[in-house]
């Protein structure tokens, strides 16, 4: 009796994953049942639907890798005026990524509050807090964090960082950030093997 050949696993389809993504009407029009996640991502890039591409790619990443991507984008968008405020937040995020202790996770949230929850760095810090563990105060009954909300916050953080230089430059920034995100997705850039924040 011969052993039947083992069939290769089917690649995940984009249509099965977009339920968690707030896509624009234009992006939804390009969604076809047969498209894999990589094919659909390529379509979003080709059609220059960069904000949808950022939201979509964020949902494909584990929370820590998504947060690392956000870290790179927030730092790349920082200028001489904002880097002083942003740097302590990103340093605390990096410490948590390298030493994922609950005390470090909560410390990120505390530092992020100093720059405001509605800033790119603040949203990233909140994403760290909501990515794992309990969100209740220490010693109180545990309330588990919602990782899906954390990923949405990462996407919002990256989009806000891209738009911080103004509407004219936002498209180019989003395209640059997507290229960074692809490296993170493919495992070419991680907090263990980081590429430079900026070239040159």
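A few remarks follow.
- Any hit, segment 147-161, residues being part of a loop (DSSP other than H, G, I, E, B) and either at pLDDT 95 or above or surrounded by fewer than 23 Cβ atoms within 10 Å (Cβ to Cβ) (or both): no
- Restricting 80, 85, 15, 91 to residues that are in contact with a helix residue (DSSP H, G or I) (Cβ under 9 Å, 6 or more places away or on another chain), over 24 Å from residue 186 (Cβ atoms), at pLDDT below 90 and surrounded by fewer than 21 Cβ atoms within 10 Å (Cβ to Cβ) narrows the list to 85.
- Segment 123-145, subset in contact (Cβ under 8 Å) with a residue 24 or more places away in the chain and in a helix (DSSP H, G or I), residue surrounded by the fewest Cβ atoms within 10 Å (Cβ to Cβ): 129
- Unmet criterion (only one of (1) within 21 Å of residue 181 (Cα to Cα); (2) outside any helix (DSSP H, G or I)) for residue 95: (2)
- Test: residue in segment 191-200 that is over 23 Å from residue 22 (Cα atoms) and at pLDDT 90 or above: yes
- Selection count where residues are surrounded by fewer than 19 Cβ atoms within 10 Å (Cβ to Cβ) and in contact (Cβ under 8 Å) with a residue 40 or more places away in the chain, scope segment 98-122: 1
The values are calculated or read from the model by the stated rules, or taken from the named source; none is laboratory data. Since the structure is predicted, the reported quantities are computational estimates derived from the model, not experimental observations. Please note: Cβ atoms are built from the backbone with ideal geometry, for glycine as well, and neighbour counts cover all protein chains shown.
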